[in-house]
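**Student:** This is the structure I want to talk about, given as structure tokens.
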Amino acid sequence: MQYARRVLELEATQRPDEVPGADAGGSSGGLCLVRIWPTRAHLELPLSRQPVRLGRDPGSDVVCESPLASRRHAEVVRDGPIHLVRDLGSTNGVFLDGQRVTQGPLGEGTLLRFGDQLLMVARGPYGSIEEIAPGVIGGRLLRERFAGLQRAAPTDLPIVVEGDTGTGKEGAARAVHLWSGRQGRLVAVNCAAIPEQLAEAELFGHTRGAFTGASQSRPGCFRDADGGTLFLDEVLELPLALGAKLLRALEQGEVIPVGESRAVRVDVRLVVASQGSLEAAVAAQRFRADLFARLDGFTTRLPTLEERRGDIPALFESFVQQASAERPRQLDIALVERLALESWPRNVRQLRAAARRLVALYPDARTLTLTSWEEVAAASGAPQPASGAIRSDPETDLTRLLECLERAGGNLAQAARELGISRPRAYRILQGAGVDLERLRDASGQSPEEGAR
């Protein structure tokens with residue numbers, strides 16, 4: 001028990017006794033349980049010193065009426081500096097990040113499944129997962145980013161939206177245009193798709209015969225967006241030499257079409273997006289410093305799907321219903337859990353494509369299951385489970401963790417970081433294999449105090 005206690009202390013991601021109001025049931029900065037499935041039964045329960053009871057019993061703190069749940073299914077208890085979930089002898093078990101456990105530590109981001117419910121451990125008030133803007137669904141993290149966009153929308157500030165591929169940058173631009181109140185159009189341009197030699201004509205327009213192939217005059221994107229919003233996606237892909245003319249359009253509110261000498265006035269609100277940082281691109285001399293200074297009105301970075309994994313069930317459900325038209329579909333809890341544990345390198349765009357593919361290949365299924373998902377994923381190269389997810393190999397995980405622990409001198413936190421898994425996951429691997437961490441540290445010549453740093 002002494003070694004187990006020390007491992008649990010290492011697992012602590014926060015100390016509830018240092019959080020104001022934690023013992024009184026408050027969640028100011030502390031951990032809370034958020035129900036992310038079923039999506040229509042929002043629950044947010046702060047974790048304090050008092051046990052949290054989970055089960056089918058109506059008197060439970062988290063009630064699950066499904067026959068998959070036992071009356072007294074599990075409980076969450078404070079154990080020193082952390083919280084543990086304990087299976088109370090349930091029939092169908094308790095699962096942490098896809099692994100069935102009898103007992104396990106809870107840390108920020110942990111997924112807990114019992115019965116037909118999926119809970120996530122979050123830090124601080126999480127709030128409901130809802131439609132933040134037309135077609136944009138998310139929880140606290142995305143809501144915070146969009147709140148900033150909404151404040152900036154009615155102003156004339158240029159807006160920069162940064163984010164990995166598929167995080168919803170065009171959706172953010174559409175929300176800004178809607179909130180801006182501008183009466184003109186929203187014109188979206190993918191700068192990466194414009195041939196370099198045609199970029200100036202595409203943005204600023206051209207006259208007939210201005211260059212080979214110019215069979216007729218075109219107004220260009222700036223004039224198309226006059227009175228509205230111009231969204232330049234992947235702005236870093238524009239030719240560097242075009243920056244001076246783009247700067248003129250922003251500062252003077254006018255453009256000169258290719259083949260003309262007379263400037264044309266335009267009233268355009270500009271929103272630009274990039275996967276990388278514009279400031280970093282300036283430092284690397286890939287983007288003009290003066291243009292960046294003009295664009296630097298309001299900047300936000302959209303989170304990846306991995307950063308907001310609690311939103312995945314609601315997002316996927318929404319995409320499934322959209323793809324199913326008038327025919328409602330049900331989602332199996334095991335499928336929902338797997339989706340929340342998957343790695344989604346192309347983010348929301350990839351999740352939407354997965355939902356459409358699953359619906360298309362199982363048009364008659366009233367309930368979409370984990371089995372159907374696995375069949376589709378195997379045939380289409382869908383993402384592999386993330387570290388610690390359902391398909392992990394316990395023997396391989398243990399071997400890799402022991403190698404990392406040896407290099408880290410028994411420091412569990414450092415080994416977990418090297419392996420790319422959470423400390424609670426590393427602890428469960430050791431616990432499942434019966435490994436004594438104290439003996440590992442003794443063998444490395446490191447004291448327990450050193451290992452705990």
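Computed from the coordinates by the stated procedures, all read-outs in this text should not be read as laboratory data. Quick caveat, the model's predicted, so the values are computed rather than measured. Ideal geometry is used to build each Cβ from the backbone, glycine not excepted, and the neighbour counts take in all protein chains shown.
**Student:** Could you compute the net charge surrounding ALA293? Neighbours are other residues with a C-beta less than 12 Å from the C-beta of ALA293; K and R count +1, D and E count -1. All intermediate terms of the calculation are to be shown ahead of the outcome.
**Tutor:** Details: positive: ARG288, ARG294; negative: GLU251, GLU279, ASP290, ASP296.
Around ALA293, the surrounding residues sum to -2.
**Student:** Once you sort the root eigenvalues of the Cα gyration tensor of region 179-275 as a ≥ b ≥ c, which label holds: rounded (a/c under 1.5), prolate (a/b larger than b/c) or oblate (the other case)?
**Tutor:** Working: a/c = 1.64, a/b = 1.24, b/c = 1.33.
In terms of gyration-tensor shape, oblate.
**Student:** Just add up the charged neighbours of GLN275: K/R +1, D/E -1, any other residue whose Cβ is under 9 Å from the Cβ of GLN275.
**Tutor:** Numbers: positive: LYS169; negative: GLU162, ASP164, GLU234.
Residues near GLN275 contribute -2 overall.
**Student:** What is the sum of charges, Lys and Arg at +1 and Asp and Glu at -1, for the other residues whose Cβ falls under 13 Å from the Cβ of ALA199? The partial results should precede the final answer.
**Tutor:** Details: positive: LYS245; negative: GLU196, GLU200, GLU202, GLU234, GLU237.
Here the charged neighbours net out to -4.
**Student:** Rank the residues TRP179, TRP344 as a footprinting-exposure proxy: fewest other Cβ atoms within 10 Å of their Cβ go first. Intermediate results must be reported in sequence, preceding the final value.
**Tutor:** Numbers: TRP179 16, TRP344 20.
Result, fewest neighbours first: TRP179, TRP344.
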